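What follows is a set of notes on a single structure, which appears directly below.
The values are calculated or read from the model by the stated rules, or taken from the named source; none is laboratory data. This is a predicted model, so every value here is computed, not measured. Virtual Cβ from ideal backbone geometry, glycine too; neighbours counted across all protein chains shown.
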Amino acid sequence: MDIRGGVQAQLLSFAADIRDSLVYLEAGAAEALQVTLGGGYLRGLGAGHTVNLDTASARDGAVFKLLTGRPASKLIIISTQLLTATHSSVLRAAKAHPQVTSCTILCSVSSAAHASQPSTMLGPSAYDEYANALAEDIAEVRGRPPSHALLPHSHGQQSSSSHVSIRVHHLPLLVPALGPTAFVLPCSSSAVQLARIGPAPAGYFPPDPRIIGEEGLDSKGAAGLKLLAHHLLHMAASLGFRLDTFSLGRASHLLGDEISAQPAPMGSEASPEPAALLLVDRGLDLITPSAFSAHVLDRISEVLGRRAPSAEALSVDHGSGAMKWRSTDISVPMSPSSQHSATSVPAQQPPPLTGSLTHPSDAKADGRLQALQSRQHADTLIVLRKWLREAVRADPDAAMPSMRSKPGAVGPAELTALANALHKASPGCSHRNSSLIQLARAAVVASEGPAAAKYDLMRRQSSALEMAVQEGPQSVVQELIDLFSSAHQSTSTQHGQPQLGVEDVLALAITAHALMGKTPGPGGFKVFAEGAGVYEAEARGLKNALSAALVKAAASGAQTESLPWLTSFSNRLPQQAHADGTARQSSLDYDARAVELELKDKAEDLVARLTGIAVQHARVQPSPAEGIPFLQHLAASICAHAPIDATHHDTASLRGLLTTGLGRIGFGAKRAPPQPHDYRNILIFVDGVAMLANTHLLVKSFKEPCTCNFVSCE
């Protein structure tokens, strides 16, 4: 099983179309290709020029002509969003290149998935309908009469006018691969952005029955989750699998029912291999993603920035509940001036060049990244220093820096000196070791500077809360009350020291409540498994502290970027407040009091959600052993052929009916319901965020003596 090979094979089937084309990539497609195959892969297939779709202009055609010596006549557009979501950008690209006579769109959202979304206004033949509509719009902006004739095509739908032909193809396996058997979904893809139940992203909290009602995913507030169901089904089919779904969590149960109800994708293999798809709500394990790991790759993932999307990409409306998912395409600063500040370069100058954490076309660099993922966090910097030293010794142009190293301790200064020795030795040395230099610079940025100091502060506070959990809810709540009371109005540093804002303390509160639900003892699951009633007194104190902190944050207006929903409250609050944001003039008391009451209700809702997190973690089964992440415990259970009692098996498939249903109506002895370990191929999908190092450890859990092929997708 090879995810990267599958992505590569799909693109190779369109090699003839890509050759000599001007290729436009939507943000999700760019993320997938950069992380999985590398930025130069499309150029290797013969693409004349590759550009960001959100910034399409006539200048792209000029660059194409400069590079190839001829004007562009073909456009290739690769996207992970709904066709209707990228329509304006596609139309602008077609208008910018009036000489183009062919436009091919490769979309990861299937025609059936488009038809499932009322917002697209497309039917079962969504690709045909969109091709016709786009042809009409292009003809209109070019001032030419459209032609509605559909021309047959072996792999997709084609519509042509007198000057442009349009074809739309499905490209289901367009994902960032973290390894041969692990991948995530692109953060800006429609399958991710629209996977919501109401305003909340699916998988973090139990679905609101007022939203889904009796209609399930057919309800208006949950229809976007159907995109994810279609996406998983088609991805599995492209890998040669027929899915039998199991689910842990209410949102996953809805998703599993939808997948089971879908017919097999057209064009899939005649006899696909059966595979178990285990769907898991992220809300069942909030401890892992909210932990502040010391592993260098997790630090890099948390501290370093991502490649910023264009202003037009940011303006796309994915709904009021859209989360700001972070891309896997991590941007590594390559100059000292850009290491800690994105605004250090004047606006009129281009931004500094950046490197990348992933180099999939470089087998040696990819092997290093995989090796780091498999290491314990204490060894990662030592291993990185060893690689740098070996590279310096092996290159005749490089000289070992005269710096004394401490046994067992690796500091940022030492890594910087070794990386500089390779970078400054010669252009050839720098080029040969570019991936290692970028990895070292990423580790340095993740270890020093304001962002790294803030990460370390969060780690220390998280450890303090872990100790408080052992003493009981009262100790945890008192610790959180103290943190909320001292939460700074701005998250910037003060006197060189990082400050915690309200959003930081809320993140710590999530970790603390998840731990309370999983930890034995007075503050553990024995309390919360029976419900939240015993937590009422502590919850009141926490609510009051949170309410006061929210009022302070809204009055200062400094945290509206990190907490966007505070903006409306901040705009309504009188600005004649003292520095601490608490005292106000009597003439302004009425407006201030109204906002304070609303923020008090908001705090009450947040505390109720925190309490629900503790209750949910206390009741989830199987309950993992202490210190073992939930997903790794699931993997160990599957490898040991142990039943997972809380797993719901969706039996819409014929196989499920034969194995579990016939015995109930008298056609033989009743059999136990199937389990994921009954299958040779297993896919685990977690609806939520992924941790880089933890995902690799999860994949390693499925090695010998387990006989399963395993795919992790978060």
request  = Kindly indicate whether any position in the range 212-219 is more than 18 Å from S116 (Cα to Cα), of a type in the set (D, E) and outside the structural domain of L515 (by TED's automatic domain parsing).
outcome  = no
key: Failed item, numbered, when A94 is tested on (1) closer than 25 Å to S119 by Cα; (2) outside any helix (DSSP H, G or I)   = (2)
ask   = Would it be correct to say that R299 is among the basic types (K, R), touching a strand residue (DSSP E or B) at 6+ places or on another chain (Cβ under 9 Å) and modelled with pLDDT of 80 or more?
value = no
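Residue-wise test of (1) within 17 Å of R167 (Cβ to Cβ); (2) of a type in the set (G, A, S); (3) modelled with pLDDT under 95.
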| site | (1), (2), (3) |
| --- | --- |
| R4 | no, no, yes |
| Q10 | yes, no, yes |
| F14 | yes, no, no |
| E31 | no, no, yes |
| V35 | no, no, yes |
| G39 | no, yes, yes |
| N52 | no, no, yes |
| A56 | no, yes, yes |
key: One residue from A529, A514, A468 being modelled with pLDDT under 75, of a type in the set (G, A, S) and over 30 Å from V332 (Cβ atoms)   = A529
inquiry  = Yes or no: the range 40-61 includes at least one residue that is under 25 Å from D329 (Cα atoms) and without any contact (Cβ under 8 Å) to a residue 24 or more places away in the chain.
reply    = yes
query = Regarding E312, is this residue at pLDDT 75 or above and not in a loop (DSSP other than H, G, I, E, B)?
reply = no
message = Condition (residue is closer than 17 Å to A294 by Cβ, modelled with pLDDT under 85 and surrounded by fewer than 13 Cβ atoms within 10 Å (Cβ to Cβ)) applied to the range 398-409: is it met by at least one residue?
response = yes
ask   = Which of the residues spanning the range 206-235 are in contact with a Pro (Cβ under 8 Å, 6 or more places away or on another chain), of a type in the set (A, V, I, L, M), within 25 Å of I3 (Cβ to Cβ) and in contact (Cβ under 8 Å) with a residue 60 or more places away in the chain?
value = M235
ask   = Taking the range 408-433, which residues are among the small types (G, A, S) and not in a helix (DSSP H, G or I)?
value = G408, A409, G411, S426
Unmet criterion (only one of (1) more than 17 Å from the chain's Cα centre (by Cα); (2) closer than 16 Å to V686 by Cβ) for A223 = (2)
request  = State yes or no: is V23 β-branched (V, I, T) and closer than 27 Å to V192 by Cα?
outcome  = yes
